[in-house]
Amino acid sequence: MRLRSRQLATRTTEIRNVGLGDEAGEFTLYTPFYRNFMYDGLASFIEEEARQWLNAETVWRFNPDLLHIEKGTCKIALLDELDLDPVFIKLDVQGFERQVIAGGRQTIERNKPLILMENNLPGDQIMMEMGWQSASYSGYDLHLSERGDNNTFYLHPDSEVYDTLMG
């Protein structure tokens with residue numbers, strides 16, 4: 001709701017309360033809470049993954065008794081069914097990047113947006129199969145055929161974005 005109220009002031013963004021994937025439907029989403037603080041950025045469709053993010057290696061003086069996982073429902077749609085023309089897509093979906101890309105392949109191929117994606121081999125492979133080039137950002141420049149430390153940019157050589165950034 002906070003995002004929706006901020007958005008109303010700009011009127012340039014449309015918010016749709018759905019996740020993206022390669023299969024539409026409603027799925028169980030597991031969200032970790034530690035000391036009653038919600039870590040929604042670590043939520044996962046796989047309960048064990050949601051449970052493993054917070055532990056003695058990632059939280060100082062971690063107490064497993066203070067961790068609990070809440071189950072909720074998340075509506076998933078295919079990007080290809082949302083009638084959008086994106087110029088930029090940011091993907092950080094806890095290992096489900098390949099599924100999001102597969103569900104939006106036609107939209108991505110048609111619009112050739114700049115994509116910033118959390119590093120993961122399956123996501124990287126599908127982008128390379130589709131003809132995108134990887135790039136990392138350093139200082140003020142994008143460096144083609146490189147991966148970033150945590151996230152990598154993907155540009156299609158036939159896109160306006162590519163011409164603008166690399167031309």
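So that you can scan it fast, the table gives a plain yes or no per residue for (1) among the β-branched types (V, I, T); (2) within 24 Å of L165 (Cβ to Cβ):
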{"site": "L54", "(1), (2)": "no, no"}
{"site": "T58", "(1), (2)": "yes, no"}
{"site": "P64", "(1), (2)": "no, no"}
{"site": "L67", "(1), (2)": "no, no"}
{"site": "L78", "(1), (2)": "no, no"}
{"site": "G95", "(1), (2)": "no, no"}
{"site": "T107", "(1), (2)": "yes, yes"}
{"site": "G139", "(1), (2)": "no, yes"}
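Hey, among G72, G19, G25, which residue is touching a Cys at 6+ places or on another chain (Cβ under 6 Å) and modelled with pLDDT of 90 or more? The match here is G19.
Once segment 79-101 is narrowed to residues that are of a type in the set (A, V, I, L, M) and under 23 Å from A50 (Cα atoms), the residue that is nearest to the chain's Cα centre (by Cα) is L91. Any residue in segment 81-104 that is in contact (Cβ under 8 Å) with a residue 40 or more places away in the chain, among the acidic types (D, E) and surrounded by fewer than 20 Cβ atoms within 10 Å (Cβ to Cβ)? Yes, that holds for at least one residue. I'd like the residue in segment 57-73 that is assigned to a strand (DSSP E or B) and of a type outside the set (G, A, S) and, out of all such residues, is farthest from R35 (Cα to Cα). Filtering segment 57-73 for residues that are assigned to a strand (DSSP E or B) and of a type outside the set (G, A, S), the one farthest from R35 (Cα to Cα) comes out as T73.
The conditions of being surrounded by fewer than 16 Cβ atoms within 10 Å (Cβ to Cβ) and not assigned by TED's automatic domain parsing to the domain that holds E49 are met by D158.
Close contacts from segment 30-46, counting a first residue that is within 18 Å of Q99 (Cβ to Cβ) and a second that is among the basic types (K, R), with Cβ to Cβ under 9 Å and a gap of 6+ residues or different chains, come to Y30/R51; Y30/K71; S44/R51. Considering only residues of segment 129-143 that are within 16 Å of I115 (Cβ to Cβ) and among the small types (G, A, S), which is farthest from the chain's Cα centre (by Cα)? Looking at residues that are within 16 Å of I115 (Cβ to Cβ) and among the small types (G, A, S), I get G131. Restricting attention to segment 10-66, report how many residues are β-branched (V, I, T) and over 19 Å from A77 (Cα atoms). Matching residues across segment 10-66 total 5. Within segment 30-41, can one find any residue that is loosely packed, with under 15 Cβ neighbours inside 10 Å, at pLDDT below 90 and either among the hydroxyl-bearing types (S, T, Y) or within 30 Å of V87 (Cα to Cα) (or both)? The answer is yes; a qualifying residue exists.
Scanning segment 103-126 for residues that are assigned to a helix (DSSP H, G or I) and at pLDDT 95 or above turns up G103, R105, Q106, T107, I108, E109, R110, N111.
The values are calculated or read from the model by the stated rules, or taken from the named source; none is laboratory data. A quick note: this is a predicted structure, and the numbers were derived from the prediction, not measured. Ideal geometry is used to build each Cβ from the backbone, glycine not excepted, and the neighbour counts take in all protein chains shown.
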